[in-house]
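This report refers to the structure that appears directly beneath it.
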Amino acid sequence: MVAPPNTALREQPTTGLAVRLAIRRGHHTGTTAGLAAGFVQANLAILPRALAEDFSRFCALNPRPCPLIGTAAPGDFCIPALGDDLDIRTDLPRYRVWRDGVLVDEPTDIVRWWRDDLVSFAIGCSFSFEQALIEAGIEVRHISCGCTVPMYRTSIATEPAGPFRGPLVVSMRPFAPADAIRAIEITGRYPKVHGAPVHIGKPELIGIADLAAPDYGDVVPLGDDEVPVFWACGVTPQAAIAAARPDLCITHYPGAMLVTDRGNDELGGWPTSSDSMPAAL
């Protein structure tokens with residue numbers, strides 16, 4: 001499968017809307033890490049309405065990797081709680097399209113794939129807490145390297161719900177021990193965007209054989225005096241969706257998120273996953 005050109009923004013947009021408009025116009029197809037500092041970013045999963053209730057329950061049972069921060073009504077490509085001028089079909093840099101659990105396309109918009117029965121789920125993303133790490137003077141390696149955070153499938157099983165089940169996927173950031181402790185303290189304040197790490201050091205204990213071979217994203221350098229720190233990752237639903245094999249599902253491309261109009265400082269007041277499903281479902 002041929003990937004589209006990775007365009008990059010010459011000037012860093014300062015708001016979620018500015019990022020979405022740039023993406024919608026085809027000016028950016030790369031990672032959204034580091035864009036629109038202070039604005040919440042979200043992972044995306046879009047499923048047929050018949051599976052929406054089971055997927056919502058899967059998220060509720062697995063809040064660390066799948067913290068729901070917004071859900072659209074069936075057929076609606078807007079999530080008003082996350083942005084006024086927002087179009088799920090065009091406002092992410094890249095998408096993944098799955099048919100019967102098989103990846104069939106990685107387009108830069110999903111207009112041709114859209115159906116009236118599709119339900120969009122926005123899931124909290126660790127890119128939101130990365131801004132807090134940077135403001136604390138902690139280097140976030142994939143941002144400083146200009147690449148996508150490395151992500152790995154683990155041997156840790158998620159809690160199943162209906163047809164949805166599979167391994168926990170984690171993202172990894174390397175830190176010196178002192179910075180790792182500070183990162184734990186800082187990210188623990190953001191439970192709606194994965195919260196504190198799920199594992200530190202010794203990747204083999206969670207089924208990761210080689211840090212130089214991520215399942216998603218890019219390799220980042222790990223210094224001799226650094227330890228790998230692992231957070232639950234919003235790519236986890238993609239493994240569960242592959243197991244469920246829906247006739248159609250659309251997700252974000254790893255590292256290519258929905259940038260919202262909500263501020264990271266608002267996270268504490270958002271609805272929980274259990275009460276974020278619209279009555280229309």
Worksheet item: Take the residues of region 148-158 that are surrounded by 14 or more Cβ atoms within 10 Å (Cβ to Cβ) and touching a Lys or Arg at 6+ places or on another chain (Cβ under 9 Å): which is farthest from residue 181 (Cα to Cα)?
Response: 158
Fill in: Residue list for region 78-134, filter: acidic (Asp, Glu) and modelled with pLDDT under 90
84, 130
Discussion item. Being closer than 30 Å to residue 197 by Cβ, in contact with a helix residue (DSSP H, G or I) (Cβ under 6 Å, 6 or more places away or on another chain) and assigned to a loop (DSSP other than H, G, I, E, B): is that true of residue 74 here?
Written reply: no
Discussion item. Take the residues in region 170-205 that are touching a Ser or Thr at 6+ places or on another chain (Cβ under 6 Å) and aliphatic (A, V, I, L, M); name whichever of them is farthest from residue 224 (Cα to Cα).
Written reply: 193
Practice prompt. Test residue 92 against the criterion of being aliphatic (A, V, I, L, M), surrounded by 18 or more Cβ atoms within 10 Å (Cβ to Cβ) and touching a Cys at 6+ places or on another chain (Cβ under 6 Å), and give yes or no.
Written response: no
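The values are calculated or read from the model by the stated rules, or taken from the named source; none is laboratory data. Just so you know, these numbers come straight off a predicted model, no measurement behind them. Virtual Cβ from ideal backbone geometry, glycine too; neighbours counted across all protein chains shown.
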